[in-house]
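Q: A single structure is presented below for examination.
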Amino acid sequence: MTGLRARLAVRRGDFALDVALDAGPGEVVALVGANGSGKTTALHALTGLVPAAGSRVELAGRVLDGDGVHVPSAERGIGTVFQDHLLVPHLSALENAAFGLRARGVRAADARTEAARWLDRLGVGDRAGLRAARLSGGQSQRVALARALAARPRLLLLDEPFSALDAGSRAEVRALLREHLAGAGVPVLLVSHDAADLDGLADRVVRLDRGRVVARGATAAGSAPGAADAGRVGALVVAGGAGGAGGRAPGPDAGPAARLGPVLDALAPWPTVLLAEHPGPAAPDGRRPHVRLLRGAAGGGPVAALAAGLRALGDGVDVAVVVPGDRPGAVAAVPRLLAALAEHPGARAAVALGPDGLPQPLLAAYRAAALADAAAAPRGDERSAPRADPLLRLRTVAPAVLVAAPPDAALPRRAPGS
């Protein structure tokens, strides 16, 4: 491999980082995980900013750490954008953007020309003469990104690179960066808690927990930002879709239930229980080892079926993600639901809003205790109301955070008893 290959070993007080990372030319690898899991420490170790005895880092065939070698940070050819931007406050935006090239010995005039080009591309060319201390947070972040890209690095490290930008600017800068990376052939490590960054930039995801790699894979819901922050996650897939628990297909890939396949695959590697209507023993799906098929759970209604699925997941689950099995696009809402639950530790549920603005209790993330409490609650008006609502006990879980679902994830409008 001519990109990045690294084994990082860092100890800081009681915290120990021990991870293997790689990224090919032009590949964007996202590091995700809870705060304190080691993401930023890994980036600092790659730059040589923290002691990393026992580490080995190779970049473009050159050993940066290991075999008695330690290349100083300034000589590694690594471009960085960290959360605190690290601009020199008394230098202008232009001089900051040209700093990396100047440090490599490029002539001042040539370095400034290239820096000015990147400032223009990033929308801050009119701020080139301002000192860094007078820039706004968003402007500083753009200048830091210009500095990293102008230096033509052999490796790019991005730590929350768009966090200071508003939503519209994030999309614009993200698109510009994606266009540049497509032709640059530079390996990239990205740290972000924004699902849009992963969807728009990342090719692979590596999830860290307490300094160790706990999952690797494509940018699916199972490696979504917020997943590790929310707690230990399990998934409950309702085979019958948004209408209620259970399904009439004999298996997850038979007949009209073929749409279940993409849903189940996207939820890997989380433990997942598929709730089906037909009676019979619980059986695993042999082609998807993370999935357990639970049949005959819908007889007591959708809430009882979900409670049975929660029990099947076991005691190791803190959060249960509920997804309708008839809408593969619904999985796109899961990162937002988990992020909302992580951001609101007092909430018992994060529930997606449908296109009509109404909550969708079968596209939601529930604290395990909240789902168990809902199942144990009296059934009340579920059966006796003029228009019986089989999801009433889910609708009354509180406090709940309401989350706008991505367009592809929105469920069709249904009558309460449908």
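Q: Answer yes or no as to whether Asp67 is under 24 Å from the mean Cα position of the chain (by Cα), loosely packed, with under 15 Cβ neighbours inside 10 Å and free of Cβ contacts under 8 Å to residues at least 24 places away in the same chain.
A: Numbers: under 24 Å from the mean Cα position of the chain (by Cα): no; loosely packed, with under 15 Cβ neighbours inside 10 Å: yes; free of Cβ contacts under 8 Å to residues at least 24 places away in the same chain: yes.
Answer is no for this residue.
Q: How about the range 107-220: which strands (runs of 3 or more DSSP E) wholly inside it have at least 3 residues that are out of contact with any Asp or Glu (no Cβ under 8 Å at 6 or more places or on another chain) and under 25 Å from Ser73 (Cα atoms)? Before you say what the answer is, go through the steps one by one.
A: Values: elements: 155-159, 188-191, 204-209, 212-217.
In the range 107-220, 155-159 are the strands (runs of 3 or more DSSP E) which contain 3 or more residues that are out of contact with any Asp or Glu (no Cβ under 8 Å at 6 or more places or on another chain) and under 25 Å from Ser73 (Cα atoms).
Q: So, in the range 209-238, how many residues would count as being within 12 Å of the chain's Cα centre (by Cα) and at pLDDT 85 or above?
A: Residues that pass the stated criteria total 0.
Every residue, every condition in (1) farther than 15 Å from Gly234 by Cβ; (2) surrounded by 18 or more Cβ atoms within 10 Å (Cβ to Cβ); (3) at pLDDT 85 or above, yes or no:
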site	(1), (2), (3)
Pro281	yes, no, no
Arg287	yes, no, no
Arg295	yes, yes, no
Ala298	yes, yes, no
Gly301	yes, yes, no
Gly309	no, yes, yes
Val319	no, yes, yes
Arg327	yes, yes, no
Leu338	no, yes, yes
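Q: Do you know which of the residues in the range 126-159 that are surrounded by fewer than 18 Cβ atoms within 10 Å (Cβ to Cβ) and under 11 Å from Leu94 (Cα atoms) is farthest from the chain's Cα centre (by Cα)?
A: By that ranking, first place goes to Gly129.
Q: Could you say whether any residue in the range 359-374 is buried (at least 19 other Cβ atoms within 10 Å of the Cβ), at pLDDT below 85, of a type in the set (D, E, K, R) and in contact with a helix residue (DSSP H, G or I) (Cβ under 9 Å, 6 or more places away or on another chain)?
A: Within the range 359-374, none of the residues are buried (at least 19 other Cβ atoms within 10 Å of the Cβ), at pLDDT below 85, of a type in the set (D, E, K, R) and in contact with a helix residue (DSSP H, G or I) (Cβ under 9 Å, 6 or more places away or on another chain).
Q: Please verify whether Thr41 is at pLDDT below 95, touching a helix residue (DSSP H, G or I) at 6+ places or on another chain (Cβ under 9 Å), in the same structural domain as Ala164 (by TED's automatic domain parsing) and polar (S, T, N, Q), treating the condition exactly as stated. Spell out how you get there, then give the answer.
A: Values: at pLDDT below 95: yes; touching a helix residue (DSSP H, G or I) at 6+ places or on another chain (Cβ under 9 Å): no; in the same structural domain as Ala164 (by TED's automatic domain parsing): yes; polar (S, T, N, Q): yes.
No, not satisfied.
Q: If you don't mind, there's one more thing I want to ask. Would a scan of the range 13-27 turn up a residue that is out of contact with any Gly (no Cβ under 7 Å at 6 or more places or on another chain), assigned to a helix (DSSP H, G or I), touching a residue at least 40 places away in the same chain (Cβ under 8 Å) and surrounded by 15 or more Cβ atoms within 10 Å (Cβ to Cβ)?
A: No: zero hits.
Q: Would a scan of the range 107-120 turn up a residue that is modelled with pLDDT of 95 or more and of a type in the set (Val, Ile, Thr)?
A: yes
The values are calculated or read from the model by the stated rules, or taken from the named source; none is laboratory data. Just so it is clear, the model here is predicted, and its values are computed rather than measured. We place every Cβ from the backbone using ideal geometry, glycine too, and count neighbours over all the protein chains shown.
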